[in-house]
Amino acid sequence: MKNLLVAIDFSKTTDSVLEQAAALAGELKAKLWILHVTSDDAQAMIFESTQFTGYSPEYVSMPGDVQLARDISAEEIKREHAELHHISAGLREKGTDAQAILLKGDPAKLIIEKAGDLDAEMIILGSHGHGLLHKALQGSVSEAVIRHARCNVLIVPA
């Protein structure tokens with residue numbers, strides 16, 4: 001194997017997923033692509049949380065709300081970008097050929113697309129074990145990747 005793609009979400013399982021992925025990449029002498037997909041939903045949630053819901057309707061959707069939401073979203077993306085580069089630099093210092101990628105959009109779709117673009121022979125993901133309500137409302141990224149990936153998928157348990 002020459003290319004492995006590990007998708008991370010900065011949750012509590014990220015460290016164990018990266019550890020497993022780096023060990024596998026080292027054993028296989030493969031390049032490790034570290035992908036984080038920031039969701040479009042994040043900006044929508046930030047926007048909703050900045051609304052002035054205690055005021056009358058004519059003041060609820062003020063232009064400043066939109067700019068504040070964009071600023072918060074941009075800061076979050078910058079933080080995620082810096083963290084990804086910190087992770088990949090740390091892995092390179094330990095001898096793993098690692099490269100970070102940050103994308104925005106639908107996580108499952110972009111993970112599958114990027115794996116194809118990189119000719120990745122394996123996708124490595126974490127499992128969160130969310131409950132049935134979460135799966136019913138949002139679905140599971142790992143389930144969608146397993147269903148649609150054209151390469152092997154390794155799920156690291158939470």
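The values are calculated or read from the model by the stated rules, or taken from the named source; none is laboratory data. What you are looking at is a predicted structure, and each value in this text was computed from that prediction instead of being measured. No Cβ is skipped: glycine too gets one built from the backbone with ideal geometry, and neighbour counts run over all protein chains shown.
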Exercise. Identify, by number, the condition in (1) under 14 Å from the mean Cα position of the chain (by Cα); (2) among the polar types (S, T, N, Q); (3) at pLDDT 85 or above that residue 20 doesn't meet.
Key: (1)
Quiz item: Among the residues of the range 87-110, how many are β-branched (Val, Ile, Thr) and assigned to a loop (DSSP other than H, G, I, E, B)?
Solution: 1
Exercise. Please tell me if residue 75 is in contact with a strand residue (DSSP E or B) (Cβ under 9 Å, 6 or more places away or on another chain) and either of a type in the set (Val, Ile, Thr) or assigned to a helix (DSSP H, G or I) (or both).
Key: no
